[in-house]
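Here is the structure we will look at, set down as structure tokens.
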Amino acid sequence: MPKTDEEKGFVDVVNGRYKPRGVFHIIEKNQPIFNKDSGKLAGVTNPRDMTYIHSYGGEAIFFESLGKGKLMATRCDNDKCEAKGSIFEPFRIYCPDCLRKATIVDITEKAQKMAKIHSFIITHRSGAFNTLPKPIKFINVEFDKEVVTILMSVLSVGEPEIGKRVVPIFRTKDPTYTIMDLMFVLEGTPESDLPEGFTY
Amino acid sequence: MIKFSDKQLRIPKLMRPVYLVTAGMSKFGRAFPETRTEELCIQAFTAASDFVGMTPAELKQYIHTCYYGHFADHFGDQLLGESVIHDRLGLDPLGNIGVKTGGATGGSAMWEAVKAVASGYSDCALALGWERMDEVPTDEGNHLISAAADKDWETPLGHMYTGYYAVMAQRYWKIFGKEEESFRKTMAEIAVKNRGYARMNPHAHGPMKITVEDVINSPIVAYPLRVLDCCLMSVGSACGIVCDEKTAYEITDNPLRIYIAAGSHTLRVADRRDMKVPLLPNEKQGQYDDLGKKFPGGNRYPGFTGFLAARVAAYYAYHMSGVVDPTEDLDVVELHDAFTISDIQTYEDIGIRPYGKGRDYIETGDAYVINPQTKKPGKLPSNPCGGLIGCMHAVGATGLMQIAEIGYHIWNRWDEIHEPEEKWKAFGREKPKDWTSLQVKGAKRGLAISHAGVGSHVTCTILMDPNKLIKED
């Protein structure tokens, strides 16, 4: 059952420190585990309800931009690096070769014009805590030669096929500020077919 | 394109020879609701001491440092689990350390132990691994395993590991399998072979007598991978003990030379940039220049179709040990068949077959103990224990179980471990009426690949009869 706001934990950053408020763990009694055949005690359950606090650091702009309909990446602009000009998506704060801070670039338009499916899977199963409707169509997205990596995402509308053109969509209404705010649809999908809260 | 420097490609050197003197393993299963982890670890250690005719107390007298492979603390809700096991094994006050490299944890624990002996720090080191994957519900377990991906970019999508491999399978099938139904069948043959071999192994968690059709008709996990294409999620323990030459011959008359090396690649497959294929000793310059022509789309290396970490680990280990062509120079291999597709990818990464030709290893029958086509011994049998698909994948123990299994073949004592009726009974398992020895006859050299994530870490271990070394020290 979803938690009420009174049962949730929230965090702000105040004066350079995390400031938690609300509820961060609900204590639940452990339960014995018995062997139904022998009637003997085998062990106990150890329930945990924890909320982790996590910093996005230099990647925060990527996750914040999704809710604004922007796909941000980074590019190495170091003249002395062989990787100069390489665009990284997933976003890398530092160039993996020269370890200089990479330049943040907006590749929304590039993705709209160039993105295509490199590989994909369709699955009816997922790990616990997943919220996507099943079957889930996971896709790996390639852009152009400047983008030297292949982004993992979800195809929200359409049937995946290697080489098919896709375009990004963004959860601009009530963003979650996670990677779940970015999905893709097949090129030509009408805006009216996009999932609730998503826009081009 | 990324490049490697000469310094990075320098062949690792062990400062003195290192020997595997014994190995042991517990029973493996999906769940042990009435057995603590330490009981399984002690089972593995005791099996290792029995193997050299010592009591556990006698064997412990030789050990100087301990390397523990235990990947997933969060499964067991126990930090410093290594300390618990070290104490229960009664090995205080020896120095010990935990090693965590995903599915390669077992191999990495051995990598550390070998280096400790090679450097002279220790004359005898224990590598012992385990995993406890039964103490959370399966879907939570799948979530916890998939957390061994990027927690911001991948895990929230709800992936599970099968999904990470399925995208590789799609890509491989399209490019190198040319979308042929026959390629799908070859993948299924691996599952049939390994689950069938597991029937001869009392330790094995997932033995099955199945057909290619059973695999192809089994429920889809992440298309094109089906339930029977996937490895097991197991609980159990395995260990190996390595020594310098003098100590090795004090413990046994038959120690095996051990070489081991490791490689790595990005945790996110997404980050894998294009590069030139690093060549193994049995490959020629220019060999892959036309790969993209022969297999359109296959020019992106390693892309979604190869594991650079496996290639680099093999590159180091082959040069260290003198192996030129694994199919000619080795007699048996234990590969990390997490999924049928990754098994095929590994054949190519470690040079059993060139890139694009991995399927041939299965289709020719070379990968079988007895080649199903010729009815003669296979050229290079793979995974006679059943592998991860048939025997077990108790993550921290897997690489050590594989090393143990290769050892049993070279020691010519495979039957002693897998045949005794009393062991089958003690494990509560029924020995098949058609039990058959899978001892690879005359095996003198073997290899084990321990592999993590979607190829984030890989170790390559080579064991040799010291009288059958390829390279002079």
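Remarks
- The range A:57-199, dipole about Cα centre (Lys/Arg Cβ +1, Asp/Glu Cβ -1), debye to the nearest 20: 200 debye
- By the count of other C-beta atoms within 10 Å, a proxy for reagent exposure, A:Asp77, B:Asp123 are ordered fewest to most as A:Asp77, B:Asp123.
- Selected from A:Asp37, A:Asp79, A:Asp174 as most flexible by GNM, with chain A as the system and alpha-carbon contacts under 10 Å: A:Asp37
- Contact order, relative form, for the range B:257-317: 53 percent (alpha carbon pairs under 8 Å, 6 or more residues apart, mean separation divided by residue count).
- Of the three principal axes defined by the Cα atoms of the range A:57-199, the extents in descending order read 46, 31, 30 Å.
- Antiparallel %, DSSP beta bridges [both residues in chain B], to 5: 70 percent
- Spacing of the modelled spin labels on A:Tyr94 and B:Glu250, each 7 Å from Cα toward Cβ, amounts to 4.5 nm.
- The residues B:Val324, B:Val440, when put in order of fewest to most other Cβ atoms within 10 Å, stand as B:Val324, B:Val440.
- Positive-end residue of B:Trp414, B:Gly387, B:Ala397, charge dipole of the range B:345-424 with Cβ unit charges: B:Gly387
- Efficiency of FRET between B:Thr327 and A:Arg17 - r from beta-carbon atoms, R0 45 angstrom, step 0.05: 0.15
- If the segment from B:Glu180 to B:Glu58 were pulled out straight at 0.36 nm per residue, it would be longer than the present Cα-Cα gap by 38.2 nm.
- Mean-position separation - Cα centroids, the range B:444-473 and the range B:160-199, in angstrom: 24 Å
- Within the range A:57-199, percent of DSSP bridges classed antiparallel, to nearest 5: 90 percent
- Anisotropy class of chain B from Cα gyration tensor, a/c 1.5 cut: rounded
- Cut-off 15 Å (backbone N to label point 7 Å along Cα→Cβ of B:Lys7), residues of the range A:76-110: A:98
- Computed [θ] at 222 nm, helices only, for chain A once each DSSP H run of length n ≥ 4 contributes -39500 (n - 2.57): -1500 deg cm²/dmol
- Projected-area mean, the range A:46-136, by convex hull of Cα positions, square nanometres: 9.3 nm²
- Counting other Cβ atoms within 10 Å as a rough exposure proxy, the listed residues B:His143, B:His393 run B:His143, B:His393 from fewest neighbours to most.
- Dipole size of chain B about its Cα centre, with +1 on Lys/Arg Cβ and -1 on Asp/Glu Cβ: approximately 1280 debye, rounded to the nearest 20.
- Axial C-alpha extent at least 18 Å, average Kyte-Doolittle at least -0.5 - helices from chain B (DSSP): B:37-51, B:105-119, B:161-175, B:308-321, B:395-410
- log₁₀ of I(q)/I(0) at q = 0.09 Å⁻¹ - the protein assembly as shown, Debye sum with one point per alpha carbon: -0.78
- Length-normalised contact order for the range A:1-83 - Cα pairs under 8 Å, 6+ apart - percent: 18 percent
- Inter-probe distance in nm under a simple model that places probes 7 Å from Cα toward Cβ, at B:Ser119 and B:Arg30: 4.3 nm
- Helical runs (DSSP H, four residues minimum) scored at -39500 (n - 2.57) apiece and divided by the length of chain B put the mean residue ellipticity at 222 nm at -10000 deg cm²/dmol.
- With each label modelled as a point 7 angstrom along the Cα→C-beta vector, the A:Phe34-B:Glu422 pair spans 3.7 nm.
- Charged-residue dipole, Cβ positions (Lys, Arg, Asp, Glu), the protein assembly as shown about Cα centre, Debye nearest 20: 940 debye
- Over the range A:57-199, relative contact order from alpha-carbon pairs under 8 Å, at least 6 apart, %: 24 percent
Laboratory data are not the source of any read-out in this text; all were calculated from the coordinates shown. All of these numbers come straight from a predicted model, not from anything done at the bench. No Cβ is skipped: glycine too gets one built from the backbone with ideal geometry, and neighbour counts run over all protein chains shown.
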